[in-house]
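Everything on this sheet refers to the single structure shown next.
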Amino acid sequence: MAPFSVTSIFDQLKSRSKPTLDLPESIWHEPIYFVAFGLGSGAMPFAPGTFGTLLAIPFYLLLQPLTLPIYIAFVIIFIALSSWICDRVSRQIDVHDHPGMCLDEFAGFFVTMIAAPRGWPWILLGFLLFRLFDIWKPWPIHAIDEKIHGGFGMVLDDIVAGIFAMLIIQIVSMI
């Protein structure tokens, strides 16, 4: 096993990055494609997942006033719908987990922010932590990404990354 270093983390991230694929033209014509590709944020030529997560922030701000039980119910329903949408679109374009499909980043960020304290510092921390875990994919996130397919698999690795980030936010908020 290689020794831990910052460069080893960047080498891991680079080796796990997905190849660039052509975007389906349907993103701009079919509503389900537009949604699956993160309301168009997945069409960014670089870091579409990061842009998808950034676009999730205004939606989170709209959801923030909800009570915790209603927010959690929303997140569960969102995960189910996201899984279905991602599965349907990936089957239609015949590409499992297209890098531009970033609806799963919305779901992961919404999980990250469950019971998070209010305020921009917490949103920024949630964004950074979620992106770290989603890109780095430590165990079991990487195993989920590799072994569980279909729409649920596409969303599940982001959900677990969101859970990791949420747990850190909860710990930090108690300090």
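The values are calculated or read from the model by the stated rules, or taken from the named source; none is laboratory data. Only a predicted model underlies this, so the values are computations on that prediction, with no experimental measurement involved. Every residue, glycine as well, gets a Cβ built from its backbone with ideal geometry; the counts of neighbours run over all protein chains shown. Surface accessibility is based on the protein's heavy atoms, side chains included, excluding ligands, DNA and RNA. Shrake-Rupley method; radii C 1.70, N 1.55, O 1.52, S 1.80 Å.
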- Name the pairs: first residue in segment 37-51 and in contact (Cβ under 8 Å) with a residue 12 or more places away in the chain and on the phi > 0 side of the Ramachandran plot, second residue assigned to a loop (DSSP other than H, G, I, E, B) and crowded, with 18+ Cβ neighbours inside 10 Å, Cβ to Cβ under 7 Å, at least 6 apart or on different chains? Gly38/Cys102
- segment 24-70, subset of a type in the set (Phe, Trp, Tyr) and in contact with a Phe, Trp or Tyr (Cβ under 8 Å, 6 or more places away or on another chain), residue most open to solvent (accessible area, probe 1.4 Å): Trp28
- From Ile169, Ile144, which residue is free of Cβ contacts under 8 Å to residues at least 40 places away in the same chain, open to solvent by less than 30 Å² (accessible area, probe 1.4 Å) and either outside any loop (DSSP other than H, G, I, E, B) or in contact with a helix residue (DSSP H, G or I) (Cβ under 9 Å, 6 or more places away or on another chain) (or both)? Ile144
- Looking at segment 76-115, which of its residues are crowded, with 19+ Cβ neighbours inside 10 Å and either more than 19 Å from His149 (Cα to Cα) or among the polar types (S, T, N, Q) (or both)? Ser82, Ser83, Ser90, Phe109, Phe110, Val111, Thr112, Met113
- Message: What pairs come out if I take residues in segment 108-129 that are touching a residue at least 24 places away in the same chain (Cβ under 8 Å) and farther than 12 Å from Tyr60 by Cβ and pair them with residues that are open to solvent by 50 Å² or more (accessible area, probe 1.4 Å) and β-branched (Val, Ile, Thr) whose C-beta lies under 9 Å away, six or more apart or interchain?
- Response: Ala115/Ile72; Leu125/Ile168; Leu125/Val172; Leu129/Ile168
